[in-house]
Structure formats: structure tokens, C-alpha cells
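As C-alpha cells, the structure follows; a few thoughts come after it.
The values are calculated or read from the model by the stated rules, or taken from the named source; none is laboratory data. What you see is a predicted model; the values in this text were computed from it and never measured. Glycine also receives a Cβ, built like all others from the backbone with ideal geometry; neighbour counts cover every protein chain displayed.
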Amino acid sequence: MTRGPRPMPTHLKLLRGNTGKRPLNKDEPHPEPFLDVPDPPLFLTGSASDEWWRTATELHRLGLLTKVDLPCLAAYCWSYGQFSAAAEALAKLEGEVERGAFGVPLGHPLTAVARKAAADMVKYAAEFGFTPAARTRISGGVHGDKAQSKFAGLLAG
């Protein structure tokens, strides 16, 4: 197991700014991007499919969706679908709380499903920069070789 923080992809370093001034990986692979937003996998249905269209469209617009990203994006959307289904089922059960031997409320099994799916969703979301914490480190105006120095605006007048 390696030590230290996980390495950040070069395109995210460029978006966030290379504050550590460490050399960028020039040999990093560049997977092929899509020309159009791909259709969701067949196993994604309902709210999972809806989430696919929301997130894949935005990732494609930002130039962050490549062919090798599809399994991780599908896993994120599937987790979202599981979370959504469990949360909706729990909402319908409101007021119907199971009680233990001494009248103490017990947790419903769907609560565990919703929590696990939500935790998985957050892990996948962080990989794509969907979380607020991940977004704070990204500035959307800088892409690849078009990056300008922080003083470019001053020189332009």
C-alpha cells in the first residue's frame, strides 16, 4: 500500500492550479473522449438513468467524460438509484416504525440500504468532483494548455 495522499490527475491539477509547483506528469494517459453523451447502460433504470443523463451531460460539457470513466459513472448512478429507491420506500413507511421487545424503535432494513448507497454515492461523486469540497478546488475557466498565469489579467489591461 502506498503512503500519502492519492495522486491527482493532471487535468484536475491544471483546473485547481498546481499550487505545489511540482512537475506535471507528461506521460499520463489520455483516454478517448466521447463526441456525444453516451446512452446509459441497460441496467440503469428509473432515477439511476435520470441521474446518468444529468451527470454525463455535465461531465461531457466540461470535457471530463472519457470512455474509461463509464464504469465508475455507472456505479455512481446505480448507487444513486438504490439510495433514491430506499429513501422513497422509507418515506412511504413513515409512521410505521418497528418496535423491539421493550417498545424501543428499531431501525428499518431500508435505512441500512439507504446509508450504504449514500456512502458509495459520495465516494464516486468525489472522484468526478461532484462534492462541494471537490468543487472548491476547481476553477472552470482554465483548461489544459490554455492556462494563463495569475497575472495575465493585469497585463491585458
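If only residues of segment 104-143 that are among the basic types (Lys, Arg) and either exposed (fewer than 14 other Cβ atoms within 10 Å of the Cβ) or modelled with pLDDT of 85 or more (or both) are counted, the one that is farthest from LEU93 (Cα to Cα) is ARG135. Of all residues in segment 64-77, none are without any contact (Cβ under 8 Å) to a residue 24 or more places away in the chain and of a type in the set (D, E, K, R). Taken together, PRO71, PRO40 contain a single residue that is in contact with a helix residue (DSSP H, G or I) (Cβ under 6 Å, 6 or more places away or on another chain) and modelled with pLDDT of 80 or more, which is PRO40. Filtering segment 76-88 for residues that are among the acidic types (Asp, Glu) and over 16 Å from ALA118 (Cα atoms) leaves an empty set. The set of residues in segment 12-37 being in a helix (DSSP H, G or I) and out of contact with any helix residue (DSSP H, G or I) (no Cβ under 7 Å at 6 or more places or on another chain) consists of LEU12, LYS13, LEU15, ARG16.
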